[in-house]
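Contents: one structure, followed by commentary.
The values are calculated or read from the model by the stated rules, or taken from the named source; none is laboratory data. Owing to the predicted nature of the structure, the values given are computational and were not obtained by experimental measurement. Heads up, the Cβs are rebuilt from the backbone with ideal geometry, glycines too, and the neighbour counts pull from every protein chain shown. These area figures cover heavy atoms from the full protein model, side chains too; ligands, DNA and RNA do not enter into them. Shrake-Rupley method; radii C 1.70, N 1.55, O 1.52, S 1.80 Å.
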Amino acid sequence: MADRSCPVTGPGAATLSAISELGIVPVVTFTDPELAEPVLEALCAGGLPVVEVTLRVPGAIDVVGRLVDAFPDAIVGAGSVLSVEDATAVMDNGARFVVSPLTDPAVMATCLRRDVPVVPGACTPTEVRRAQEAGAELVKFFPAEPMGGRAFLQAVAGPMPAARFVPTGGLNAANLAGYAALPNVAACGGSWMVPRTALAEHRFGDVSRLAGEALAIVAQARGRD
Ligand code: 3PG
């Protein structure tokens, strides 16, 4: 089995370790905030008590707060965080981790000052280094598929052995195993477990099933089944 023991020792180490252990970060954009609770309930039922709520729609910051209150044992974080203001707002609402598609040292410092782990985006070796220098223990490789996919992660493993990634962007049940098997992948992110059509039709059982399938794929890829 690959050793992906994650060098997470800084702020929020327990959260990052839990995410690495699960190996999956479901990314959800709640266009209908009323679906937030049933979706997280469905993810939990599928074995995935974690969600990254993107700030791409109005009301998303409030959704973070609602989910934190309703699911105190789940790992509720915020994604698509682009500003210090939004980072502050989601942390005020209890977000346990913050994700951004880019590396903004000011956003990172804001989160790390409050001991909230932040996973910044990067897609070149220089950007990965900038993210590490700003304090990132995990780096979101985004957008993963357009920027080289698992071939990029394999290529940087040699010259940057300490980097640990959360590839996101274009991942799905078909290509998940290839990412999850890589020793420098801490977790895989994506929205495929929460399809828009399933949400629109309130098919929350589909979300549980897809979450469970994703966990099984990761377990097999990591050699644990
Ligand atoms: C993100 O915000 O992390 C990505 O947009 C998720 O990418 P996906 O929808 O391709 O999984």
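Structural remarks
- Candidates 197, 126, filtered to the one that is surrounded by fewer than 18 Cβ atoms within 10 Å (Cβ to Cβ) and either acidic (Asp, Glu) or under 24 Å from residue 35 (Cβ atoms) (or both): 197
- Residues that are open to solvent by 40 Å² or more (accessible area, probe 1.4 Å), among the hydrophobic types (A, V, I, L, M, F, W, C) and within 15 Å of the ligand (Cβ to nearest atom) within the range 129-161 comprise 142, 147, listed in sequence order.
- Sole exception among (1) within 15 Å of the ligand (Cβ to nearest atom); (2) within 18 Å of residue 29 (Cβ to Cβ); (3) buried (at least 17 other Cβ atoms within 10 Å of the Cβ) for residue 206, by number: (1)
- Scan of the range 166-202 for residues that are under 21 Å from residue 217 (Cα atoms), away from the ligand (no atom under 13 Å from the Cβ) and not in a helix (DSSP H, G or I), ordered by number: 181, 182, 183, 184, 185, 186
- Applying a threshold of 7 Å to beta carbon distances and a minimum spacing of six or more residues, or different chains, the list of pairs starting in the range 26-38 at a residue that is touching a residue at least 60 places away in the same chain (Cβ under 8 Å) and ending at one that is open to solvent by 50 Å² or more (accessible area, probe 1.4 Å) reads 27/191; 28/191; 29/56.
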